[in-house]
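Everything below concerns the one structure shown next.
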Amino acid sequence: MGEEAAEPRRPGVGVGVVVTSAAHPNCVLLGKRKGALGAGTYQLPGGHLEFGESLAECAARETLEEAALRLRHVRFASAVNAVCASQRYHYVTVLMKGEAEPGAEPRNQEPDKNEGWEWVKWDEFPPADQLFWALRCLREQGYNPFTEEFDHLKGYTGSHQLE
């Protein structure tokens, strides 16, 4: 007695945010990761879903904390289940979409985690191997932030095994 069985590892739950801006047509906000996991890859704003928080609240909070942008019209975009066994990484990431308030520009609020933010044309993205996993999976689904269609989810089985 006294010894508790080890809890099985469980996936993390994250929220990623596809941020668009009327001032930057056909662009989304990308940053370049720093740190041990995924350093040098491009990412969306986002982070962990907090207990009791809605997905929209999480998207708005993370974007404000990381890029100093307030969002309007926050809504569901997609979901991905990304697994990279070699890195002991498994996250279910819900992707939300939001529009930056008119006239607002991002500021890097977490320089220890991110090199900086830039607006990148969706059709001129870096190659898949330069995208952090959730963003890579989102692109592989065929998601397009400039339509409101959900065709990218047709046939999605909920699994991306990454190396």
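The values are calculated or read from the model by the stated rules, or taken from the named source; none is laboratory data. Every value quoted in this text rests on a predicted model; they were computed, and no experiment measured them. Glycine gets a Cβ as well: all are built from the backbone with ideal geometry, and neighbour counts include every protein chain shown. Heavy atoms of the whole protein, side chains included, go into the accessibility calculation; ligands, DNA and RNA do not. Shrake-Rupley method; radii C 1.70, N 1.55, O 1.52, S 1.80 Å.
Annotations
- For the chain, the per residue solvent-accessible surface stands at 56 Å², with DNA, RNA and ligands left out and a 1.4 Å probe.
- Positive-pole candidate from 153, 29, 85, dipole of the range 5-163, charges at beta carbon: 85
- Shape analysis of the chain yields a ratio of the Cα radius of gyration to the Kirkwood radius, Rg/Rh, of 0.99.
- Apportionment of accessible area to carbon and sulfur, the chain, percent (1.4 Å): 50
- Secondary structure note: in the chain, about 65% of the DSSP beta bridges are antiparallel.
- Calculated diffusion of the range 79-163, Stokes-Einstein form, Kirkwood radius summed over Cα pairs, 10 °C and 1.306 mPa s, µm²/s: 107
- Evaluated over the Cα positions of the range 57-124, the convex hull gives a direction-averaged projected area, one quarter of its surface, of 6.0 nm².
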